[in-house]
Structure formats: structure tokens, C-alpha cells
């Protein structure tokens, strides 16, 4: 009788392992899917930040070089579009931060991304203001901010890569 209980207990334990194993595997797959999603978000955000920085820099370079092809209206439309997209992306990062539980490392990276979007938004707002007023004061304010922007972004992402 005693052996029967022992065998029964072992069989129940083995049965429990077989039943619970798919849930354990599923849980691990879900974690790895979330990690993959977050890694993809990081790569896409970095690319997006860089491309938006390049777009703003291209406009700035044309303004600095007093290019004969300056079209303030077109640059203003482009800058407003970039600004609107950056705002939407910043909101999506905030939404993501509030809706899923993140490791401290992932939360920190998303905060860096959100801050980078904020830097770019501030930069484009100064550019838009200059493109609308064409005043030297607004132009100088934009140049000061934009010239610091690269260093701020580089420092932000270099610090994240060091950790």
C-alpha cells in the first residue's frame, strides 16, 4: 500500500510536469517575444532619431550656407511634419512605458528615446519659429540649440551603451 502511494505521488508529479511544461515554455517564449519587440523598438527609434536629426541638419545647412534654393515655405512644411511625427512617437513611447512592465534597463532605454524625441521636438519648434519670422534672433536661438543637439544625443546614447 505504501509503495502504491509513493508510485501514485511520483506519477502525479510527472503528470503535473507534463501538464505545466507547455505553460512554462509559453511563458519563456512570451518573455523572449517582448524582449524582441523592445529591441526592435530600440533599433527603429534610433534610426528614426538619426534620420530626423539629419533632416533638420539638412535644412540648417541650407540656411547657414544661404543656399539659392531656400524655400522657406517648403522647409516650414517639412519641419512641421517632422515635429508632428516626433510628437506622435514620443506619445507612443509614453504609452508603452505606462502599459507594460519593463525591466529597469528597458525602462531606462525608453526614457532615453523619449528624451531624444523631446530634444528633437524643441529643435524643430525653434526652426519653425525662425522659418515663420525669419528674424535673426530666432535664427540664432535655433542655431544654438541645434549645435548642442548632436552632443546631447551622442552623450545620451553613449551613456546607455556603456551600461
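The values are calculated or read from the model by the stated rules, or taken from the named source; none is laboratory data. This structure is a prediction, so every number in the text was calculated from the model and none was measured. Positions of Cβ are generated from backbone atoms using ideal geometry, with glycine treated the same way; all protein chains shown enter the neighbour counts.
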Check: When you look at residue 131, is it more than 25 Å from residue 41 (Cβ to Cβ) and at pLDDT 90 or above, yes or no?
Finding: yes
Notebook entry, point to check: Do we have any residue at all in segment 66-73 that's farther than 23 Å from residue 148 by Cβ and assigned to a helix (DSSP H, G or I)?
Noted result: yes
Item checked: Residue check, residue 129 in contact with a helix residue (DSSP H, G or I) (Cβ under 9 Å, 6 or more places away or on another chain) and farther than 23 Å from residue 156 by Cβ -> yes
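Free of Cβ contacts under 8 Å to residues at least 40 places away in the same chain and closer than 21 Å to residue 153 by Cβ - does that describe any residue in segment 63-71? Steps first, answer last, please.
Of the residues in segment 63-71, the ones free of Cβ contacts under 8 Å to residues at least 40 places away in the same chain are 65-71.
With closer than 21 Å to residue 153 by Cβ added as a condition, the list becomes none.
No, the conditions are met nowhere in segment 63-71.
Anything in segment 69-92 that is farther than 22 Å from residue 134 by Cα and either crowded, with 19+ Cβ neighbours inside 10 Å or more than 24 Å from the chain's Cα centre (by Cα) (or both)? List them, or say none.
Residues satisfying the conditions are 86, 89.
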Notebook entry, point to check: Which members of segment 151-163 meet the condition of being under 18 Å from residue 57 (Cβ atoms) and either modelled with pLDDT of 90 or more or surrounded by 12 or more Cβ atoms within 10 Å (Cβ to Cβ) (or both)?
Noted result: 152, 153, 156, 157
Margin query: Checking the conditions here, which among 33, 66 is more than 15 Å from the chain's Cα centre (by Cα) and under 30 Å from residue 133 (Cα atoms)?
Written below: 66
Checklist line | Condition check for residue 92: in contact (Cβ under 8 Å) with a residue 40 or more places away in the chain, assigned to a helix (DSSP H, G or I), out of contact with any helix residue (DSSP H, G or I) (no Cβ under 6 Å at 6 or more places or on another chain) and farther than 22 Å from residue 59 by Cα | finding: no
Check: If we scan segment 21-35, do we find a residue that is in contact with a helix residue (DSSP H, G or I) (Cβ under 9 Å, 6 or more places away or on another chain), surrounded by 10 or more Cβ atoms within 10 Å (Cβ to Cβ) and at pLDDT 80 or above?
Finding: no
